[in-house]
Amino acid sequence: MVFRRREKRGVWANLREAIWPRSGWSRAFQYVKHRVNRLPDRPHRIARGVWAGVLVSFTPLFGFHFVSAAAVAWIMRGNILAAILATFFGNPVTFPIIAVFSTKLGHKILGDRLDHGGAPESLLQTFQAASHDLLHNFWAMFTPEHAEWSGLERFFTDVWLPYLIGGIGPGVIAATICYYVSLPIITAYQNRRRSKLKARLEKMRAKIKREERAAAGKSETPED
């Protein structure tokens, strides 16, 4: 293939690139911003898509952010591609901040009084217990072992559900801010681009008219 890499990157290289791009997150953000601005749709529809993508970034639906953002954008009659691009708001840099804040806020909203108080080591143990249950239950399908759900249940009640509940409010606020920030930017970009295209078209028309006049003048000139 024409665009295939000459040297295939390994798994660790791809993982490192996903966590910290070689060009940096600033350039990656500029790329996403450029792509959103150039989407062929009305500004308010693109801004709605941005709203949907940012909102979904505050949910613990990892692995389903693209699908969820597209669904929310479709319900809102927003631009689906803009929603998918806007999920970039949640990245390896922002996810830890979003996760910790949303989980703590979710515990306060739910009124939980956990003994561990959200300690990092307890949170790590919760993830380890859930991972153990997932692996154990997978092998249990092929062995006489019984499925275990205690670790997954603890993960759901201590992490996933508080994360989901606590992320709704901040997600709506951040999504609304991004909507009102992106709408005038996208509108101005499209107007400027439309003006440039119009000026270029007028220039081409003027050039064609000059060529037509020159051709007409030559044809009216009497031959010797």
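At a glance:
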read-out	value
In order through region 98-104: 3J(HN,Hα) via Karplus (6.51 cos²θ - 1.76 cosθ + 1.60), integer Hz, x for Gly, Pro	4, 5, 5, 5, 5, 5, 5
Of all accessible heavy-atom area on region 71-111, the percent that carbon and sulfur account for (1.4 Å)	77
Average accessible surface area per residue within region 151-208, 1.4 Å rolling probe, Å²	64
Tensor-based shape of region 55-199 (alpha-carbon gyration tensor, a/c under 1.5 rounded, otherwise prolate or oblate)	prolate
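The values are calculated or read from the model by the stated rules, or taken from the named source; none is laboratory data. Keep in mind the model is a prediction, meaning the values are calculated, not measured. Just the protein is used for accessible areas: all its heavy atoms, side chains included, with ligands, DNA and RNA removed. Shrake-Rupley method; radii C 1.70, N 1.55, O 1.52, S 1.80 Å.
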